[in-house]
Amino acid sequence: METLNLAARGFNGRTHQRTVSMADLEVRRSSSVVTVPFVFWRLNHDYDGILGRPWLEASNSKISWPTRTLTWPADSQDPHSPPDDEDELIHPVNWNSEKVLAPVEVSLQSFRERLINHEYLEIFRLVLESGVLPKPTPRDVVILLNEFDDVFSPSLPNELPPEREIQHDIVLKPGTTPSARSPFRHARVEERELAMFVGKNNIEESNSAWSSNIFAIPKKVAVTGEAPTRAEWLRSGDADAPIRWVIDYRHANSQSGIPKIPLPRVDDLFDKLSGAAYFSTLDLMSGYHQMLLEPRVRELTAFQANGELYQWVVAPMGLAGIPGSWSRLMRHLLGRPKFQAFCVVYLDDICVFSSTLEDHIVHLREVLFVLREAKLYAARTNASNRLCF
């Protein structure tokens with residue numbers, strides 16, 4: 001019996017690595033015996049074995065779905081050699097009806113638990129679409145988006161944002177003393193993720209007297225729309241599960257004087273859209289991470305991970321006052337009177353609106369040019385769906 005490393009791709013596109021054993025087993029079919037290579041893989045259903053598509057193709061097997069029977073040429077001893085006579089018929093193999101699973105209904109809670117425990121071999125999501133199909137993106141807009149392709153990216157570049165006139169600053173209250181919290185004990189799956197997390201350029205080693213705790217929270221599962229609890233994720237040990245890192249800055253926030261920089265009123269933003277017929281939305285990636293912290297306050301963001309102390313160079317999530325600083329940066333770039341006639345911004349979401357397609361191309365070009373000059377990046381995932389009219 002030999003072992004090998006296999007990669008299995010799940011329904012969500014993620015790849016799971018597993019070391020498995022492989023052996024050739026004899027399978028009796030009617031009056032003959034054939035040797036079939038099998039991979040030993042843990043199954044959550046009562047099956048002795050599964051004949052995969054490569055073997056079925058090589059043996060020229062035929063499946064009758066109405067009768068649930070499997071047939072193949074009678075004289076074909078070697079499934080990897082073609083049969084001598086295609087007309088020579090067949091020995092049926094009947095499926096055990098007791099092993100055929102009838103459709104059942106499951107509760108959402110039960111489905112979540114089975115999903116976390118990897119009890120499903122495959123999962124499919126049915127998406128029903130109705131109504132009028134979206135119009136194709138006009139050619140002039142496609143040309144414009146291609147011209148500014150450098151603004152759209154699947155991930156942030158591995159470099160720091162440029163120094164800008166507006167960066168996030170923190171003013172501590174008088175008499176504040178640093179606080180160093182005892183670090184949480186991280187599970188093995190967290191340690192692996194942390195090793196990749198701290199390897200990015202937006203974090204640096206620190207000598208700070210401050211220290212906050214960091215831990216991971218699983219994100220929502222695409223199929224269920226719900227997120228497993230942290231305990232469920234840690235028990236599963238799934239290193240491929242989508243997560244977000246949370247740093248407990250409650251003490252640092254309580255010792256900070258938070259400026260009351262206002263955020264835009266959503267109702268005012270919607271009022272500006274009145275009368276427009278063309279809309280383009282741009283989602284700035286990991287918004288706050290595209291803004292630098294003032295160097296003197298970086299020590300306040302320190303956290304411990306994998307036996308080392310790190311601090312943020314860019315604005316992190318969870319630090320008080322950052323939404324206001326980011327909104328001020330957006331107003332500085334896109335809040336001038338010229339842009340207010342065709343552009344609204346709420347945090348990291350930008351909406352460009354116009355009355356005609358010709359105007360929209362002009363307006364969109366001006367906004368994309370500002371993003372390019374400021375080295376701000378929008379998510380590529382919405383690149384083909386950002387125009388509505």
Legend entry - Residue exposure sequence - Y346, Y310 - by fewest surrounding Cβ within 10 Å: Y346, Y310
Legend entry - Members of K173/K272; K200/K272; K338/K375; K200/K338 lying beyond 31 Å, as alpha-carbon distances in this model show: K173/K272; K200/K272; K200/K338
Inset, instruction - Sort L293, L145 so the one with the fewest other Cβ atoms within 10 Å of its own Cβ comes first. - result: L145, L293
Inset, instruction - Kindly put I143, I350 in sequence by how many other C-beta atoms sit within 10 Å of each C-beta, fewest to most. - result: I143, I350
Inset, instruction - State the three equivalent ellipsoid semi-axes of region 105-229, derived from the C-alpha gyration tensor as the square roots of 5 times its eigenvalues, in descending order and whole Å. - result: 38, 31, 15
Legend entry - Amide proton proximity set for S206, modelled H, under 5 Å, gap of 5+: L309, Y310, Q311
Inset, instruction - Apply the Karplus parameterisation 6.51 cos²θ - 1.76 cosθ + 1.60, with θ equal to phi minus 60°, to every residue of region 367-372 and state each ³J(HN,Hα) to the nearest whole Hz, in sequence, with x for glycine and proline. - result: 5, 4, 5, 4, 4, 5
Legend entry - Shape call, region 278-389: gyration tensor on alpha carbons, a/c limit 1.5: prolate
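No value in this document is a laboratory result; all are computed from the given coordinates. What you see is a predicted model, and the numbers here were worked out from it, not measured in a lab. Here the Cβ is made from the backbone with ideal geometry for all residues, glycine too, and neighbour counts use every protein chain on show.
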